[in-house]
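Please treat every number below as a calculation from the coordinates, not as lab data. Every value quoted in this text rests on a predicted model; they were computed, and no experiment measured them. For neighbour counting, all protein chains shown are included, and Cβ atoms are generated from backbone atoms with ideal geometry for every residue, glycine included.
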């Protein structure tokens with residue numbers, strides 16, 4: 001087959017940072033493959049830089065001046081002799097031009113081919129690609145729409161409520177929910193404007209809004225020999241601002257029949273764009289268990305560890321093997337669901353203030369350990385959480401024989417995860433997985449709006465413990481003030497230098 005490119009990958013440059021870079025380095029090391037990290041100036045002592053065999057500075061702190069500079073990333077790969085590039089997720093991972101440039105340079109792109117990225121990166125093109133394959137789609141417009149009067153006519157055909165989406169969008173940007181026909185024109189203009197600002201592409205389309213949906217995604221693997229398998233589903237319905245916060249696998253919503261239908265449908269989506277590599281097909285499921293194709297993510301997902309826990313498949317290893325031109329290590333019948341897994345994304349965010357991102361120094365960082373507990377992180381004690389990158393500090397993933405045992409293990413892990421210096425979503429995670437609605441398994445994408453409020457994060461403590469906590473807080477503030485004054489007033493350069501190295505790196 002002409003698409004098969006057989007090559008042995010001996011050195012991988014990871015075009016990313018943080019926890020995903022470390023995750024890729026771990027598997028590469030197990031496979032005996034050397035690694036190269038790239039970094040911005042503020043990441044010079046970051047854990048992923050320290051863990052790689054080599055590291056190359058590619059720019060300054062803003063990602064637009066470092067991690068998003070395709071030319072510098074490619075130059076670093078050529079300079080170090082890397083014959084494979086893994087993009088991780090985010091940054092350049094779904095940039096079709098970058099994938100093409102990597103292949104043109106004779107380097108293996110550890111991801112799908114550029115045409116598949118291009119097709120599935122445009123929601124309208126993706127819908128068109130799957131139309132002939134009997135893939136269920138949410139009723140909506142077939143193409144982009146910009147004329148307000150035409151939009152109003154289409155809205156009457158689709159029915160209310162509806163949603164306007166950016167064709168090139170993601171993460172909730174360029175997305176507007178509309179509940180009244182008289183609001184269609186105004187929301188269309190807003191969606192187009194936001195899409196142009198965010199993606200430099202104002203193309204938007206309209207779909208019927210699926211009320212109280214479940215967000216279910218299917219992990220697929222496809223090789224260059226024509227083999228395609230799925231690794232079952234992940235439930236991703238707990239979201240804030242259309243971004244996932246908690247994921248679990250498998251989903252309690254799916255019975256065996258629906259699981260098989262959605263899995264086969266996901267494989268058809270992959271075939272529709274001649275997909276090669278690891279990818280994720282996302283669906284919305286309504287209250288009657290009808291499912292609709294949403295989009296395909298042409299990269300490794302943040303939440304891939306829950307799938308690895310329940311299947312025993314190392315997805316990164318399969319990505320590398322596929323990029324080498326090897327067939328999949330598994331046939332569909334080889335893969336089974338074992339137990340249950342839940343992932344909590346731990347962000348440097350204040351859930352009590354609308355999940356507002358925060359910055360600071362990690363004065364204390366001690367992740368939990370134990371059977372069935374996995375922490376994928378990219379930070380270390382003393383490290384600084386900056387304004388320049390995504391506020392996700394780590395992913396806490398647990399696995400157990402049953403969902404109930406998995407929830408209890410997650411609560412144990414949260415209670416034994418010590419992070420100080422920045423506010424995090426740990427307590428929100430405890431609230432969410434311990435909530436009766438989550439425990440029931442009958443929840444949807446409106447979970448946070450329907451059940452969460454900031455005051456619910458206040459942990460009930462005995463009176464003595466509350467007093468003690470207040471005293472500790474007051475003492476900590478007083479020490480911090482004294483240290484601040486010391487750093488301002490001392491004239492000893494060595495002391496100033498030592499303080500800065502410890503607190504501000």
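Here the stretch 184-209 is scanned for amide nitrogen atoms under 19 Å from the site 7 Å beyond the Cα of residue 100 along Cα-to-Cβ, giving 200-201. Ellipsoid fit via the Cα gyration tensor, the chain: semi-axes of 36, 30, 24 Å, each the root of five times an eigenvalue, largest first. If R0 is 35 Å, the Cβ-Cβ spacing of residue 363 and residue 451 corresponds to a FRET efficiency of close to 0.65. The alpha carbons of the stretch 245-325 occupy a box of 42, 28, 24 Å along the principal axes, longest dimension given first.
For the stretch 115-157, the square roots of the Cα gyration tensor eigenvalues, ordered a ≥ b ≥ c, give a/c of at least 1.5 with a/b no greater than b/c, which places it in the oblate category.
Plugging the Kirkwood radius over Cα pairs into Stokes-Einstein for the stretch 11-110, at a temperature of 20 °C and a viscosity of 1.002 mPa s, what D comes out in µm²/s?
Using the Kirkwood radius from Cα pairs, D works out to 166 µm²/s.
Be a star and scan the stretch 4-22 for residues whose amide nitrogen sits under 14 Å from the point 7 Å along the Cα-to-Cβ vector of residue 225. Once the point is set 7 Å along Cα→Cβ of residue 225, 4-7 turn out to lie under 14 Å by backbone N, inside the stretch 4-22.
Just want the ordering: 304, 435, 242, from fewest to most Cβ atoms lying within 10 Å of their own Cβ.
With the fewest neighbours first, 304, 435, 242 line up as 242, 435, 304.
Among 14, 4, the ranking by other beta carbons within 10 Å of each residue's beta carbon, starting with the fewest, stands as 4, 14. Let me know the whole percent of all Cα-Cα pairs from the stretch 139-208 that are separated by more than 16 Å. Distances greater than 16 Å cover 34 percent of the Cα pairs. Counted by neighbouring Cβ atoms within 10 Å, the residues 255, 390, 122 run from fewest to most as 255, 390, 122.
Computed extension length for residue 149-residue 356: 70.8 nm, one decimal, from 0.36 nm per residue of separation with the Cα-Cα distance subtracted. Mean projected area of the Cα convex hull of the stretch 340-459, taken over all directions, amounts to 7.3 nm².
Dividing the helix sum by the residues of the chain, where each DSSP H run of 4 or more adds -39500 (n - 2.57), gives a mean residue ellipticity at 222 nm of -11000 deg cm²/dmol.
On full extension, the segment bounded by residue 189 and residue 53 gains 44.0 nm, given 0.36 nm per residue less the C-alpha separation.
Here the extension length gained between residue 8 and residue 201 equals 65.6 nm, from 0.36 nm per residue of separation less the Cα-Cα distance.
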